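Single-structure report; data block below.
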Amino acid sequence: MMMTVEQMRIQVDKTCRDEADFDETMDLLASSIAAHPEEPEFLRMRITLFDAAYDHVAALKDRQSLQVLLPDDVDNQLAILARQHRSAYWIAEDVFADRIQALSPDEEDVGTDLQDEEQDDENDDENDGAIAALQTEIDIYVDQLENQAVDGFLHLMTRHAGDASGARKILAAWSDTGIAAPWRHYTMILQALAAHPHDAALKKEKASFLVSLCEEVEEHTDKTPMGYFEHMIAGRFHALTVFEAIAAIDDVDTLQNEPLLLTQKARLQKALDDYPAAAASLRLAADAYANALQLAGEDEREDLQASLDEVLQDAAACEAGREAVYAAHFAQIESSMARLDDLPGFQPGREGPADNLAEPLANLKSSLQEWQTASSNIPAAPDEEEKLKLQSIATKIASSSMSLVQWDHIDIQAMQRTSFSEEISPWFDELSTELDKAGMQFLSWFQNLSNVAALKREAPGQCWVSAQADFALTAEAAGKIRLKRCFSVFSDGSLMLTTDSRSGTYYVSGPHVLGFSVFKSTSLTEMLTLHRARVQAHLASIPGVSVKPIRDLADIEAFENQLRTHGREFRLAQGITDREIRGMNVQFNDYFAIELKREVAALIAGLTLD
């Protein structure tokens with residue numbers, strides 16, 4: 001008997017409640033879909049059951065069929081992209097199932113674990129090679145699936161950014177999927193903000209993203225990258241991003257009702273050792289939680305009360321100062337460690353999830369004690385010997401900082417491509433291929449003669465411009481130094497820069513230069529789309545400002561000299577700033593900042609007098 005849509009919906013609901021047979025319901029759905037291929041609801045119901053049975057590959061195939069019926073269904077498109085990214089390995093296993101089975105006929109569950117296949121026959125080298133080759137092919141296919149999904153999200157945002165609710169839905173789906181592609185994430189946020197510059201929810205998205213970006217590093221190393229600073233209990237942070245994130249949080253119109261953002265702001269302020277400011281942010285967060293409690297239902301009150309209590313405790317510690325914050329931090333860790341003692345398997349002679357975890361737990365406790373002792377032994381202020389060291393460091397850095405104050409005109413000289421060194425040529429060739437595919441237009445080879453003079457060596461570069469001439473990209477090389485920059489020039493004289501020097505500098509050029517940096521490993525496509533989104537978002541936020549076209553090397557030269565002028569005027573007016581000093585990662589930052597500012601101010605005064 002053929003069921004109507006409503007009858008089938010009742011049948012599916014019963015199945016989900018284990019009141020109807022799963023296989024029988026699936027057979028009924030298959031018959032209904034075959035009889036009514038134009039009806040999307042039958043597909044939706046079968047998708048529900050496939051997902052309930054964790055058969056996500058089958059659910060994905062039905063969603064793809066649903067997209068043919070409903071090509072404008074954004075929710076379904078997002079579900080397809082999310083599932084494709086999350087289940088790329090299972091999809092690959094399904095696609096390559098026949099070949100996997102042919103190579104491993106005795107295995108019931110192989111697929112993406114082919115590299116672990118054990119061969120009892122040592123002479124079966126040929127089969128081993130075939131398995132390894134297939135594994136490589138599967139890995140490539142998985143990467144393709146994941147990249148296609150990421151590109152699909154960006155494509156949807158490009159199409160639907162004009163719809164604020166749709167844009168927010170796309171961003172929410174991206175976050176739920178857990179994609180680790182920060183620059184593409186930021187690009188989508190900025191695309192949405194370009195269409196809705198005053199949308200409070202999108203401002204929250206931007207602020208939350210920048211908070212998450214503060215601790216992003218290109219690679220985890222013992223050495224602190226340039227521009228980052230270390231905090232004994234908070235971790236490693238990118239200094240400029242910390243200040244940018246705090247500013248973005250403050251720009252959220254509904255901040256007084258956003259306790260999570262306020263607690264995130266407080267954490268960044270604690271990382272800067274600004275405990276009074278952190279306490280103030282936490283008090284505001286407590287007010288927000290208290291207000292939410294008054295409006296909350298019974299099922300929400302317990303969690304809200306717990307959050308309120310935690311924030312109040314944290315605020316009290318911040319108000320008491322650095323030592324109290326450290327003590328509270330380690331007390332919380334010790335409490336967590338103590339709870340581990342009560343778990344089976346963490347004590348000798350007790351059965352549990354591991355044979356005996358008492359020894360590793362003891363080692364962990366020992367490491368914690370060493371960490372706590374080391375942090376407790378760090379004085380809040382330097383002694384006389386440390387002060388002398390800091391003064392010496394400040395003198396050296398002040399002198400190098402003044403190299404940023406330049407009056408000489410920058411000359412950009414066209415050049416013909418010559419026989420560059422073998423280590424440079426492949427880099428330029430690879431960039432040229434990518435930029436050409438991205439639709440950028442080659443302008444010229446060039447040299448910045450100021451860089452040539454400073455580095456005392458040839459420093460070739462190539463310049464490309466966008467099809468609309470609204471931004472340019474330069475790529476320059478000198479020895480092992482590589483630098484890529486996207487930049488735009490605005491009608492009000494301000495400049496926008498997107499560079500790949502995130503771990504390469506701690507300096508800024510002032511409020512008229514809107515800088516942002518990415519990692520060296522960032523693809524050119526990501527860099528270009530991010531810069532374009534930054535330009536669009538900026539123009540939307542500043543009515544009346546337009547982009548000046550960049551068409552030739554004279555425009556590049558004008559940009560370089562305007563950049564130098566902005567940097568010089570900023571340095572002469574402001575000296576050295578807190579955000580720059582923090583990125584120098586010098587212990588006893590507060591004392592060092594005073595010394596460095598004094599040294600820079602003295603050098604600037606000398607320049608002014610001259």
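The values are calculated or read from the model by the stated rules, or taken from the named source; none is laboratory data. Since the structure is predicted, the reported quantities are computational estimates derived from the model, not experimental observations. Note: ideal-geometry Cβ built from the backbone for every residue, glycine included; neighbour counts use all protein chains shown. Areas reflect the complete protein model, heavy atoms only, side chains present, ligands, DNA and RNA absent. Shrake-Rupley method; radii C 1.70, N 1.55, O 1.52, S 1.80 Å.
Quick look at the values:
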item	result
For segment 190-346: relative contact order, % (alpha-carbon pairs under 8 angstrom, 6 or more apart)	17 percent
K204 accessible area, 1.4 Å probe, all protein chains in place, Å² to nearest 10	70 Å²
For the chain: relative contact order, % (alpha-carbon pairs under 8 angstrom, 6 or more apart)	11 percent
Gained length - V217 relative to S400, 0.36 nm times residue gap less alpha-carbon distance	63.3 nm
Within-14-Å neighbourhood charge of V57 [Cβ basis; K, R +1; D, E -1]	0
Cα-based reach from K203 at 15 Å (exclusive), listing aspartates and glutamates while leaving out same-chain residues under 8 positions away	E244, D250, D251, D253, E258
Label-reachable residues, segment 431-450, where backbone N falls under 20 Å from a point 7 Å from D411's Cα toward its Cβ	444-450
Per-residue SASA entry for W183, accessible area with 1.4 Å probe, Å² rounded to 10	10 Å²
Mean residue ellipticity (222 nm) of the chain, computed from DSSP H runs ≥ 4 via -39,500 (n - 2.57), nearest 500	-20000 deg cm²/dmol
Among 132-139, 89-96, the order from most to least packed when residues are scored by Cβ within 10 Å on average	89-96, 132-139
Added length on full extension, which subtracts the Cα-Cα distance from 0.36 nm per residue, E458 to T224	81.2 nm
Cα convex hull volume per residue for segment 186-334 (Å³)	137 Å³
Computed E for A20/E359 - FRET, C-beta separation, R0 35 angstrom, nearest 0.05	0.10
Rounded to 10°, Cα long-axis angle of helix 298-320 versus longest principal axis of the chain	20 degrees
Cubic angstrom per residue, convex hull over Cα atoms of the chain	251 Å³
20 °C / 1.002 mPa s Stokes-Einstein diffusion coefficient of segment 509-610, Kirkwood radius on C-alpha pairs, µm²/s	127 µm²/s
Percent of beta bridges antiparallel (DSSP, the chain, rounded to nearest 5)	85 percent
Paired Rg and Dmax values of segment 11-98, which use every Cα atom, in angstrom	13.4, 36
Radius 10 Å from Cβ of D411, net charge of other residues (Lys, Arg +1; Asp, Glu -1)	-3
Rounded tilt (10° steps) of 5-16 against the dominant C-alpha axis of the chain	80 degrees
Local electrostatic count at G510 - Lys and Arg +1, Asp and Glu -1, tallied over other residues with Cβ under 13 Å	+2
Angle between the chain longest axis and helix 524-541 axis [Cα atoms, degrees, rounded to 10]	70 degrees
Which of S488, S65 is most accessible, then next, and so on - probe 1.4 Å	S65, S488
Sequence of I189, I378 when ordered by accessible area, the most exposed leading, probe 1.4 angstrom	I378, I189
Mean Cβ neighbour count within 10 Å, used as a protection proxy, ranking 235-245, 407-417, 291-301 highest first	235-245, 407-417, 291-301
Spatially proximal lysines relative to K387 (Cα-Cα < 18 Å; intrachain offsets below 8 disregarded)	K396, K597
Solvent exposure, largest accessible area first (probe 1.4 Å, DNA, RNA and ligands not counted), of H220, H36	H220, H36
Percent of alpha-carbon pairs separated by more than 21 Å within segment 163-245	37 percent
Net length gained if the chain between E6 and A130 were fully extended (0.36 nm per residue, minus Cα distance)	39.5 nm
